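What follows draws every value from the coordinates through simple rules; no lab data is involved. Fair warning: this is a prediction, and the values are worked out from it, not measured in the lab. Heads up, the Cβs are rebuilt from the backbone with ideal geometry, glycines too, and the neighbour counts pull from every protein chain shown.
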Amino acid sequence: MKKLFFSLFAIGLIATGCASSSEPDTAAVPDAAETSEAMPDEMEGMDMEGMDMGSMESSSEGDYEFSLVSPESVPSGDAEVVVAIKDATTGEPVTTDNLSVDVYMMEMEGMEEMTAESEVMAGSEPGTYMVNTYLGMAGPWVVHSTLEEDGKEGVGHLMIEAE
């Protein structure tokens, strides 16, 4: 009988000890309203809406003129961007196999530059090129195009917005 009493007493102590520590500590976990209000202050400088696409304009330099044919706004994730290239002097479309395209999101405070792989294919019209890429997050992206051919060279910085 004493063994049964001590066994039950030991089980009772263990059960009481386990039950009191299994309660979640809700004081340490903020609720959703607190976190959503605190987040903008904590992430100051990383606010994507604060980045003005108008201040980052598309541009071309050199012997070629680069332009964006597809919309300036595309969904994030898999994306297709169409780029057109013209000779800056004659205005004629440029057909080439030497087009190099890098797609990246500019460096933001607290984050490194984000790059995306891209695949370039000739478009349906002369001088147009389809760039298939993956835009990993919403925000402003740069389609950096370079072309060197027949002693001419040019660089295009085309801005797109992933939503």
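General observations
- Computed extension length for Ala138-Ser67: 23.4 nm, one decimal, from 0.36 nm per residue of separation with the Cα-Cα distance subtracted.
- At most 15 other Cβ within 10 Å, DSSP loop - GluC sites (Glu not before Pro), the stretch 75-124: Glu107, Glu109, Glu112, Glu113, Glu117
- Ranked Lys152, Lys86, criterion: other C-beta atoms within 10 Å, fewest first: Lys152, Lys86
- Over the stretch 57-162, relative contact order from alpha-carbon pairs under 8 Å, at least 6 apart, %: 36 percent
- Computed extension gain for Glu107 through Ala88, at 0.36 nm per residue and net of the alpha carbon distance, reaches 3.8 nm.
- 3J(HN,Hα) along the stretch 58-64, derived from phi through the Karplus expression 6.51 cos²θ - 1.76 cosθ + 1.60 where θ = phi - 60°, amounts to 5, 8, 10, 9, x, 7, 10 Hz, with x in place of Gly and Pro.
- The 3J(HN,Hα) values that the Karplus relation (6.51, -1.76, 1.60; θ = phi - 60°) gives for the stretch 71-85 are, in residue order, x, 6, 10, 9, x, 5, x, 4, 9, 10, 10, 10, 10, 10, 10 Hz. Gly and Pro appear as x.
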